[in-house]
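Each remark here refers to the structure printed beneath this line.
The values are calculated or read from the model by the stated rules, or taken from the named source; none is laboratory data. Fair warning: this is a prediction, and the values are worked out from it, not measured in the lab. Cβ: placed from backbone, ideal geometry, glycine included. Neighbour counts: every protein chain shown. These accessible areas exclude ligands, DNA and RNA; they are computed on the full protein's heavy atoms, side chains included. Shrake-Rupley method; radii C 1.70, N 1.55, O 1.52, S 1.80 Å.
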Amino acid sequence: MSEKSRWLDWDVNRVLEHFNVRSQQGLSHQEAEERLKKIGFNQLTQAKKASFFSLFIDQFRDFMVLVLLAATLISGLLGEYTDAIAIIAIVIINAILGLVQEYRAEKSLDALKQLSAPTAKVIRASEINRITSNEVVPGDIVLLESGDRVPADVRIIRADNLHIEEAALTGESLPVEKSSDRLPHADVPLGDRTNLAYMGTMVVQGTGRGIVVATGMGTEMGRIAHLIESTEEVETPLKRRLEQLGKILIVIALLLTVVVVMTGIWHGQEAYNMFLAGVSLAVAAIPEGLPAIVTIALALGVQRMIRRRAIVRKLPSVETLGCASIICSDKTGTLTTNKMTVTNVWADGSLISVKGTGYEPTGAFLQGSRTISPRHNHSLQRLLEISILCNNAQLVQDTQRAGMLRRKQANWRIEGDPTEGALLVAGVKGECDIDALHRTWKRVREYPFDSNRKMMSVLVQRSDGKQQLLTKGAPEVILARCSHLVYKGRITLLNDTHRRDIAKSMEELARKGLRNLAFAYREVAGSVSQNEQTMERNLVFIGLAAMIDPPREEVKESIRRCHQAGIQTVMITGDHHITAEAIARQIGIYTNQDLAVNGSQLQQMSDEELDAQVNQIRVYARVSPEHKLRVVKSLQRQGHVVAMTGDGVNDAPAIKAADIGIAMGTTGTDVSKEASALVLADDNFSTIVAAIEEGRSIYDNIRKFISYLLASNVGEILVMFLAMLVGLPLPLVPIQILWVNLVTDGLPAMALGVDPAEENTMKRPPRNSRESIFARGVGWKIMTRGLLIGLSTLAAFWVSYTEIPSDLMRAQTIAFATLVFAQLIYVFDCRSQRSVFARSPWDNRWLLLAVTSSALLLMVVMYYPPLQPIFHTVSLDMREWILVIIASALPTLLAGLLDTIVLRRHQYEAKSA
């Protein structure tokens with residue numbers, strides 16, 4: 001028998017006997033000290049962390065960074081010290097960003113430690129002692145009361161209306177009632193272990209006493225800490241692609257250097273000059289600005305996401321969102337409002353719908369399609385009054401000033417139990433005046449809810465002395481104590497037909513995942529008994545209220561958009577199976593063809609069985625932290641890029657293991673936020689969809705500027721290589737190549753990084769995470785456009801050089817201008833995979849500004865006399881400019897016409913088919 005199931009299954013006496021302790025005396029001080037020495041402190045441990053220096057050095061092991069360092073060395077050999085300094089600056093900035101990211105990502109355990117209770121009340125040597133929580137040992141008798149944080153994992157040995165909020169562990173906000181009763185089943189889900197209290201959870205009601213059964217890393221919190229520590233973060237697709245690109249570029253650079261040097265020597269050129277030319281080409285092959293532009297594009301994307309309520313903690317995860325193929329979402333607070341709401345009422349033999357969600361006290365009661373007023377329905381009015389008077393919650397209105405005009409804005413919240421809060425809100429929606437009711441009916445006595453009675457009653461008295469007992473509770477319990485029923489405004493005998501009708505309505509509501517409460521009352525005359533059993537009998541049944549944490553209004557549309565974009569959505573929750581399935585069906589996650597499993601069923605599956613079914617499962621209910629982690633890893637084994645959302649401590653391991661971990665900003669624990677890559681400021685599922693759209697757009701833009709940079713570099717390489725191959729002088733000098741790489745390439749590439757998303761961004765399936773960065777036509781575009789740019793530049797150079805062979809600098813200036821303008825025109829072709837004519841050039845004003853700036857800077861180096869000797873340029877006349885414009889426009893216009901013809905042909909064939 002496992003440790004976990006042992007405490008569930010054993011009765012209190014057996015647990016006390018196992019730890020050799022008595023509940024009234026507790027451990028002796030000597031025994032507690034011995035156990036502390038043997039077992040250790042009650043605290044979470046973590047593996048030895050890498051030093052700050054080693055983390056910094058790790059940043060330079062990336063292959064693309066090594067390529068940039070090689071480019072720095074080459075630039076230094078050429079005497080281009082400014083270029084070398086710029087590249088070194090880029091490398092150091094990237095290293096610092098990476099270091100900060102890793103440091104923050106590893107703070108999860110530090111946040112987890114803060115959930116430990118600072119002090120604990122224990123019984124030692126028959127006396128109550130308050131000790132620091134890290135001194136608690138197994139066998140200690142712990143006293144619990146409202147407001148306490150549980151210091152360790154505790155087996156409850158006595159509970160007096162003890163309710164503990166376990167949201168940090170289970171993800172569910174409703175407090176769990178605890179008892180000392182043994183649980184016979186070993187595989188009870190975490191949220192149903194009613195005789196155990198866990199480290200870090202909060203007592204919200206009642207008192208209790210328990211025996212510590214696990215401390216430190218042996219607790220549920222400790223197991224989660226171990227999972228976080230042992231879970232490796234997944235390498236992002238972008239990082240893999242850039243490493244692949246770096247390797248390709250370094251091979252090309254080395255080959256070019258060798259080929260150019262050998263070809264030049266074969267043509268009789270000096271070896272030294274050829275070596276410098278080869279090195280220039282090697283530098284041209286490496287886009288020095290690429291990492292900086294990628295970082296800038298991601299950073300700008302982060303700013304756009306912040307405006308859409310998504311806060312990015314790890315830059316590369318922005319791009320990873322774009323290839324997410326499945327979203328594993330928590331239910332409470334993400335897909336739902338996290339506000340219990342009464343949605344239906346049964347009264348007078350009819351089912352009545354209650355409209356309006358959240359805590360805003362506005363709504364309507366509908367019978368069929370007809371709006372009704374509770375004031376004209378005696379049973380409904382009476383039910384709402386009981387729901388307010390038999391209630392300990394409060395509906396509080398916070399008024400704060402907001403907006404440009406500083407208008408008052410109401411924000412309603414519940415103080416107390418969420419279920420009772422939902423009943424209060426329903427009463428206010430039904431036009432009940434809470435304050436007036438409490439003035440009219442004064443509470444005389446309360447018979448509080450407990451797990452045995454499953455009901456709560458209050459005795460109230462009017463100013464004229466009239467008394468009534470008002471009751472709410474589990475429907476089957478209330479019905480068993482009722483003898484009469486209010487029907488059509490009259491009290492009638494509760495017969496079997498009535499009971500069958502009520503039971504049928506209860507079943508119908510339960511199938512929808514709703515939680516039912518029944519309401520009853522009776523007139524009280526004479527003496528008042530202290531005994532609940534005496535008072536709570538011969539009741540008059542009023543009706544039922546059914547409630548649920550309802551879905552967010554916008555979630556259904558967001559899930560539809562996900563399906564349209566080829567993204568599956570899966571619900572993973574600690575809530576009950578029926579409720580989870582009902583919500584999932586309501587918002588479009590779950591259909592009759594899909595599967596839903598609970599934690600117990602998942603526990604019995606092997607990894608192979610889970611892998612075989614994981615693509616069909618849409619709902620996971622009553623799951624533990626290990627279950628969530630298993631689901632994420634199983635989906636990843638099926639090739640999915642997994643986005644995992646969560647807000648509790650229990651979600652942190654799965655969040656960290658997912659390709660993109662998403663935490664809740666409002667309700668999320670620090671632990672889940674620290675483990676995540678993305679934080680939702682509004683806890684809203686729809687924000688995830690907006691972030692995915694942004695992620696796809698960012699990756700598209702990265703592909704655009706990579707296409708631009710590399711095609712431009714291919715053009716530069718071909719101009720130089722082909723010229724030497726046919727025995728022509730060098731069309732470009734090294735300073736011109738570096739100018740093109742750093743200025744002409746840089747500005748338009750950055751502008752492509754903020755290019756608006758195309759219309760079909762969320763109408764296409766997610767890309768394969770293993771897809772090459774050159775896939776879907778990018779590689780073809782780079783080679784063809786680069787070839788055309790290279791040939792047109794070489795042609796312009798050849799025309800000028802053959803006309804006046806003695807004026808090499810003029811020919812080189814024409815080649816320089818042609819290459820720059822060919823690239824500036826080609827940048828508009830990069831905006832669409834279809835054709836240069838597919839998108840309006842006016843959509844991206846930053847691109848227009850960048851192209852204009854680059855053209856003006858070219859004019860400066862060509863016409864400003866002090867710069868002409870540095871850049872080996874001369875002024876051109878009108879005839880030469882015509883040659884430049886024709887030669888530079890030709891590559892993009894030819895390619896655009898060809899693309900348009902092919903696209904039209906495909907559209908025609910598709911229509912014909």
(1) on the phi < 0 side of the Ramachandran plot; (2) surrounded by fewer than 22 Cβ atoms within 10 Å (Cβ to Cβ): which one isn't true of D549, the others all being true?
(2)
Being more than 21 Å from the chain's Cα centre (by Cα) and of a type in the set (S, T, Y) is the filter here; which residues of the stretch 683-738 pass it?
S707, Y708, S712
Looking at the stretch 816-829, I want the residues that are open to solvent by less than 10 Å² (accessible area, probe 1.4 Å) and have a partner that is of a type in the set (A, V, I, L, M, F, W, C) with Cβ atoms under 6 Å, at least 6 apart or on another chain. Which pairs are those?
A817/V884; T818/A796; T818/V884; T818/A887; V820/L858; A822/I789; L824/V851; D829/V836
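For every residue, the table says whether it meets (1) in contact with a Gly (Cβ under 9 Å, 6 or more places away or on another chain); (2) closer than 19 Å to V342 by Cα.
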residue: H498; (1), (2): yes, no
residue: A518; (1), (2): yes, yes
residue: R522; (1), (2): no, no
residue: G543; (1), (2): no, yes
residue: P550; (1), (2): yes, yes
Given the condition over 33 Å from the mean Cα position of the chain (by Cα), of a type in the set (V, I, T) and modelled with pLDDT of 95 or more, answer yes or no: does some residue in the stretch 443-455 qualify?
no
How many residues does the stretch 440-490 contain that are touching a residue at least 60 places away in the same chain (Cβ under 8 Å), of a type outside the set (K, R), on the phi < 0 side of the Ramachandran plot and outside any strand (DSSP E or B)?
7
Residue by residue through the stretch 20-47, note down the ones that are assigned to a loop (DSSP other than H, G, I, E, B) and surrounded by fewer than 19 Cβ atoms within 10 Å (Cβ to Cβ).
N20, R22, S23, Q24, Q25, S28, G40, F41, Q43, T45, Q46, A47
Taking the stretch 198-228 and keeping only residues that are assigned to a helix (DSSP H, G or I) and of a type outside the set (A, V, I, L, M, F, W, C), one is left with G216, G218, E220, G222, R223, H226
Name the residues in the stretch 319-353 that are in a helix (DSSP H, G or I) and either at positive phi or under 11 Å from the mean Cα position of the chain (by Cα) (or both), would you?
L321, G333, T334
Scan T591, T569 and give me the residue that is modelled with pLDDT of 90 or more, of a type in the set (S, T, N, Q), in a loop (DSSP other than H, G, I, E, B) and within 23 Å of P765 (Cα to Cα).
T591
Return a yes/no flag: does the stretch 662-683 have any residue that is without any contact (Cβ under 8 Å) to a residue 60 or more places away in the chain, assigned to a helix (DSSP H, G or I) and open to solvent by less than 10 Å² (accessible area, probe 1.4 Å).
yes
Scan the stretch 513-523 and give yes if some residue there is of a type in the set (A, V, I, L, M), within 32 Å of the chain's Cα centre (by Cα) and in a strand (DSSP E or B), otherwise no.
no
Q568 vs (1) open to solvent by less than 30 Å² (accessible area, probe 1.4 Å); (2) within 30 Å of E758 (Cβ to Cβ): all pass except (1)
Which residue is nearest to the chain's Cα centre (by Cα), if the candidates are limited to the stretch 354-378 and must be loosely packed, with under 14 Cβ neighbours inside 10 Å and among the hydroxyl-bearing types (S, T, Y)?
T362
If you scan the stretch 292-317, which residues turn out to be outside any loop (DSSP other than H, G, I, E, B), modelled with pLDDT of 80 or more and not hydrophobic (A, V, I, L, M, F, W, C)?
R304, R307
Can you tell me which residues in the stretch 499-516 are out of contact with any helix residue (DSSP H, G or I) (no Cβ under 9 Å at 6 or more places or on another chain) and either open to solvent by less than 40 Å² (accessible area, probe 1.4 Å) or of a type in the set (A, V, I, L, M, F, W, C) (or both)?
S505, L509
Residues in the stretch 383-397 that are open to solvent by less than 40 Å² (accessible area, probe 1.4 Å) and either assigned to a loop (DSSP other than H, G, I, E, B) or among the basic types (K, R) (or both) total 3
Odd one out for S505 among (1) modelled with pLDDT under 90; (2) touching a strand residue (DSSP E or B) at 6+ places or on another chain (Cβ under 6 Å); (3) among the hydroxyl-bearing types (S, T, Y)
(1)
In the stretch 603-613, is there at least one residue being in contact with a Ser or Thr (Cβ under 6 Å, 6 or more places away or on another chain) and either among the β-branched types (V, I, T) or more than 28 Å from V188 (Cα to Cα) (or both)?
no
Members of the stretch 373-424 that are charged (D, E, K, R), touching a strand residue (DSSP E or B) at 6+ places or on another chain (Cβ under 9 Å) and either within 12 Å of K472 (Cβ to Cβ) or at pLDDT below 90 (or both):
E385, D398, R401, R407, K408, R413, E415, D417, E420
Scanning the stretch 124-142 residue by residue, the ones that are of a type in the set (A, V, I, L, M, F, W, C), modelled with pLDDT of 95 or more and under 15 Å from Q24 (Cα atoms) total 2
Can you tell me which residue among Q868, Q833 is open to solvent by 30 Å² or more (accessible area, probe 1.4 Å), at pLDDT below 95 and more than 24 Å from A751 (Cβ to Cβ)?
Q868
Flag if T579 is in contact with a Lys or Arg (Cβ under 9 Å, 6 or more places away or on another chain), open to solvent by 10 Å² or more (accessible area, probe 1.4 Å), outside any helix (DSSP H, G or I) and of a type in the set (V, I, T)
no
